[in-house]
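S.K.: Pasting in a structure now, in structure tokens, and then I'll have a few things to ask.
The values are calculated or read from the model by the stated rules, or taken from the named source; none is laboratory data. Bear in mind the structure is a predicted one, so any value in this text is a computation, not a measurement. Ideal geometry is used to build each Cβ from the backbone, glycine not excepted, and the neighbour counts take in all protein chains shown. Only protein heavy atoms, including side chains, enter the accessible area calculation; ligands, DNA and RNA are left aside. Shrake-Rupley method; radii C 1.70, N 1.55, O 1.52, S 1.80 Å.
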Amino acid sequence: MSSTASEHCFIPINASHLSIVWHWRNSDRVRANMHYDKLITWEEHKDWFDALLHDPNRECWIYCQHARPIGVLNFSETQQQVIQWGCYLGEVNCAPGSGLILEWAALEYAAQNTNCIGLDAQVLSFNTAALKLHKLFNYTLIKIESGGMRIRNEQSELEQFDIHFFHYAMHKWRQHRDKVLTTLPKPIQRGCQQVTFLSKEQM
């Protein structure tokens, strides 16, 4: 990786990440908060990667701390005025506040590197950590829809859940980003200010 990489660096996914991302996607902790919560075969995972590489409407970035991959930041519908995004931390022993930095990185990337007018996100109702993060960053809750039923405990009991739809207008982010930054703990503020996105040519 380039010597210009920061402590909190995002790099485009490549073939070297295939195995670790596959294990992340199949971990109980990550699958529990995804729309698709079934185990993913290696062949399915490779097909996903191949489709991703050939889709101009999607981007996948690997979040690295001190050059160590710890998570994923996804964008879809990138050619549209409103971009969809999602993320997860694949590792558990990350720096405190890594989820906050992921939220910051998504908004900053959209504001600085795209022509979109807004970001949309979907969060399942039992993903309370993500719901709190979106509230902290002042996302607008657009609507809540029923998501159906899902097994949510060791007793294999079904639990009803909802899907929360959020939107963030880019003009609103540009106006309020500095205020949002001041609400974060000092170490997280420094982490957000260190976020960089490296192109393939910079790696």
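S.K.: Could you list which residues have their amide H under 5 Å from that of G118, counting only those 5 or more apart in sequence or on another chain, with H placed in the peptide plane?
M.R.: It is I83, M170, by chain and number.
S.K.: Would you mind working out the accessible area per residue for the chain, using a 1.4 Å probe, and quoting it in Å²?
M.R.: Accessible area per residue, the chain: 54 Å².
S.K.: Compute the separation of the alpha-carbon centres of region 80-145 and region 35-55 and state it in Å as a whole number.
M.R.: About 22 Å separates the Cα centre of region 80-145 from the one of region 35-55.
S.K.: Which of the helices in the chain, when you take each full DSSP H run, stretch at least 20 Å along the axis at their Cα atoms and have an average Kyte-Doolittle score of -0.5 or higher?
M.R.: What comes out of the filter, once short or polar helices are dropped, is 98-113.
S.K.: Show me the ranking of peptides 188-197, 91-100 by mean Cβ neighbours inside 10 Å, starting with the highest.
M.R.: Listed from highest to lowest mean packing, they are 188-197, 91-100.
S.K.: Over the chain, what per residue volume does the convex hull of the Cα atoms give, in whole Å³?
M.R.: It comes to 127 Å³ per residue, whole-number rounded.
S.K.: Separate question: Could you look at the chain and say what percent of its accessible area is carbon and sulfur, using a 1.4 Å probe and all protein chains?
M.R.: 52 percent
S.K.: Placing unit charges on C-beta atoms (Lys and Arg positive, Asp and Glu negative, everything else neutral), compute the dipole magnitude of region 84-153 about its Cα centre in debye, rounded to 20.
M.R.: Rounded to the nearest 20 debye, it is 300 debye.
S.K.: Sticking with this one: As a check on your grasp of the helix formula, calculate [θ] at 222 nm for the chain: sum -39500 (n - 2.57) over DSSP H runs of n ≥ 4, divide by the residue count, round to the nearest 500.
M.R.: It lands at -10500 deg cm²/dmol.
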